[in-house]
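Novice: Sharing a structure here in structure tokens format.
The values are calculated or read from the model by the stated rules, or taken from the named source; none is laboratory data. In this text the structure is predicted, and so the values were computed from the model without any measurement. Glycine gets a Cβ as well: all are built from the backbone with ideal geometry, and neighbour counts include every protein chain shown. Protein only, heavy atoms only, side chains kept; ligands, DNA and RNA dropped before computing areas. Shrake-Rupley method; radii C 1.70, N 1.55, O 1.52, S 1.80 Å.
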Amino acid sequence: MAPRIVILADDLSGAADCAMACRRAGMEAQVRLDPEAPGAPAEALALDLDSRALSPEEALTRTLDAWGWAREDALYRKIDSTLRGHVALEIAATLQIAGPEAFALVCPAYPATGRTVKDGAVFVHGQPLGETEIWRLGGQGSTDLKNLLGEAGLQPAALGLDEVRGPHLAARIEALREDGAAAIVCDAETEGDLKALVAAALPLPGVIWVGSGGLTIPLAQALSPGRAAEGEALTRRAGPTLVAVGSASSVSREQLAVLAGDPRVVSLMVSPQVLLDGPEGPGWRPASRALVAAVGKPGRDTVAIAIDPAAPIDPGAGAALAAGLGALAGRQLGRFGALVATGGETARALLAQAGVRCLDIRRELEPGIVLSQSGVLPVVTKAGAFGEADSLARAVEVLRALPLA
């Protein structure tokens, strides 16, 4: 079975989010941590290139190495809704592997999670991206999409809200393409705006879709095989649920605090220095032993492990800390029956350490919060800044209710 859509993603939580939109539209959807990983045929295939925290050279190589997937009818380049990572470079590289007739339709808006685009700039819950905590923790470069793409030599054009909502959207896209625009930045504030973009651009040859989880929703609906998503019985392994929080976002910290109020939860805070020092450092083995000891505590069915919020954290070390936490927890994943991972880098490092190479998408718990399965291990993934205060607690309740395999 050839995929109806292939998604090239910059991180794992975003890959799962995009694949979930396809699952809701009736497609069998899968995320692969390794493009060559074995897996059942899927109509929607999301490849986690894990490129957000890489050097520009490494990120470029990851995209160019995915050239074989550019043959598919629908190619989606998933970027971060808040423009972290190598956005312009990866769009340019995707256009390169797609061929000379390709052009990028770019819209990272995700209205369900408060991300919108107006006048080519990203807003988060109405606040300019450059003024947000998200940007302070991990952003760099321009928050204006047209400027960002222009610096990469992509000859960008822009479509404002009036044009997106106007009666001649398809003609405007075609005209900009004929004028030589390699990338067209589109404003969007609502699901209806995204749906209009898909309806206008889908019939055009050479379109490469570029966005976050938001744009995949109407695109997947347009590509739908016309059947409802099949509900599948989910199970879990024996053992407690592991919750790994590698994000420094205040949203994740609030969610962790709510979860820690549950008397059935053991909370472990790990020093940032322990994670940066790695397995050879003096604090690694004590942290690992504490995690193992937490598994058998009477009356506790959930273990939450996170970077100590009381310790000072260098924003530039965020990716290394998340990867360190994932590696620490991943070595013990076999002791647990289910997993919740906050932060794409954390989820990726944890699953890779445990040898998980493929996730089958099953259910959306909330916008941007996805339940997948690897064998009999249920896995919930969530971007750090997504969700409400009780989102982690609700995810744990879902996993508690699953029957044992």
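Novice: List the number of the failed condition for Ala88; all other conditions in (1) over 17 Å from the mean Cα position of the chain (by Cα); (2) hydrophobic (A, V, I, L, M, F, W, C); (3) buried (at least 23 other Cβ atoms within 10 Å of the Cβ); (4) modelled with pLDDT under 95 hold.
Specialist: Just one mismatch for Ala88, condition (4).
Novice: Separate question: With the condition being over 16 Å from the mean Cα position of the chain (by Cα), of a type in the set (Val, Ile, Thr) and at negative phi, I'd like the strands (runs of 3 or more DSSP E) fully within the range 285-404 carrying at least 2 qualifying residues. Please lay out each step first, then the result.
Specialist: Numbers: elements: 302-307, 338-342, 358-366, 369-374, 377-382.
In the range 285-404, 302-307 are the strands (runs of 3 or more DSSP E) which contain 2 or more residues that are over 16 Å from the mean Cα position of the chain (by Cα), of a type in the set (Val, Ile, Thr) and at negative phi.
Novice: Output the number of the condition that Gln221 fails; it satisfies all remaining conditions of (1) surrounded by fewer than 21 Cβ atoms within 10 Å (Cβ to Cβ); (2) closer than 26 Å to Gly344 by Cβ; (3) touching a strand residue (DSSP E or B) at 6+ places or on another chain (Cβ under 7 Å); (4) not hydroxyl-bearing (Ser, Thr, Tyr).
Specialist: Looking at each condition in turn, Gln221 falls short on (3).
Novice: Which of the numbered conditions does Pro167 fail, given that it passes all the others? Conditions: (1) touching a residue at least 24 places away in the same chain (Cβ under 8 Å); (2) open to solvent by 20 Å² or more (accessible area, probe 1.4 Å); (3) not in a helix (DSSP H, G or I).
Specialist: The failed condition is (1).
Novice: Mind telling me which of the residues Asp65, Asp144, Asp119 ends up being at pLDDT 95 or above, of a type in the set (Asp, Glu) and either open to solvent by 20 Å² or more (accessible area, probe 1.4 Å) or under 26 Å from Thr190 (Cβ atoms) (or both)?
Specialist: On inspection, the qualifying residue turns out to be Asp119.
Novice: Show the residue pairs that are 6+ apart or on different chains and have beta-carbon atoms under 8 Å apart, the first residue being within the range 150-163 and assigned to a loop (DSSP other than H, G, I, E, B), the second being small (Gly, Ala, Ser) and surrounded by 22 or more Cβ atoms within 10 Å (Cβ to Cβ).
Specialist: Ala152/Ala88; Leu154/Ala88; Leu154/Ala104; Leu154/Ala183; Gln155/Ala183
Novice: Would you point out which residue out of Thr116, Thr82 is in a loop (DSSP other than H, G, I, E, B), in contact (Cβ under 8 Å) with a residue 24 or more places away in the chain and touching a strand residue (DSSP E or B) at 6+ places or on another chain (Cβ under 9 Å)?
Specialist: Sole residue among the options that is in a loop (DSSP other than H, G, I, E, B), in contact (Cβ under 8 Å) with a residue 24 or more places away in the chain and touching a strand residue (DSSP E or B) at 6+ places or on another chain (Cβ under 9 Å): Thr82.
Novice: If the Cβ limit is 9 Å and pairs must be 6+ apart or interchain, which residue in the range 215-241 that is over 29 Å from Ala405 (Cβ atoms) pairs with which residue that is among the hydroxyl-bearing types (Ser, Thr, Tyr)?
Specialist: As it stands, the answer is Leu215/Tyr76; Leu215/Tyr110; Thr216/Tyr76; Ile217/Tyr110; Leu219/Tyr76, since those pairs meet every condition given.
Matching residues to (1) touching a Ser or Thr at 6+ places or on another chain (Cβ under 9 Å); (2) under 25 Å from Gly139 (Cβ atoms); (3) polar (S, T, N, Q); (4) part of a loop (DSSP other than H, G, I, E, B):
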residue: Ala16; (1), (2), (3), (4): yes, yes, no, no
residue: Cys22; (1), (2), (3), (4): yes, no, no, no
residue: Gly26; (1), (2), (3), (4): yes, no, no, yes
residue: Asp34; (1), (2), (3), (4): no, no, no, yes
residue: Pro38; (1), (2), (3), (4): no, no, no, yes
residue: Asp50; (1), (2), (3), (4): no, yes, no, yes
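Novice: Six or more apart or on different chains, Cβ atoms under 7 Å: show the pairs whose first residue is in the range 350-378 and closer than 24 Å to Ile79 by Cβ and whose second is open to solvent by 20 Å² or more (accessible area, probe 1.4 Å) and among the acidic types (Asp, Glu).
Specialist: Qualifying pairs under 7 Å: Arg357/Asp34; Val370/Glu364; Ser372/Asp360.
Novice: Tell me which of these Glu345 doesn't satisfy, since it passes every other one: (1) touching a strand residue (DSSP E or B) at 6+ places or on another chain (Cβ under 7 Å); (2) surrounded by 21 or more Cβ atoms within 10 Å (Cβ to Cβ).
Specialist: The number of the failed condition is (1).
Novice: Condition first: among the charged types (D, E, K, R) and in contact (Cβ under 8 Å) with a residue 60 or more places away in the chain. Now tell me which residues in the range 29-62 satisfy that.
Specialist: Arg32, Asp34, Glu43, Asp48, Asp50, Arg52
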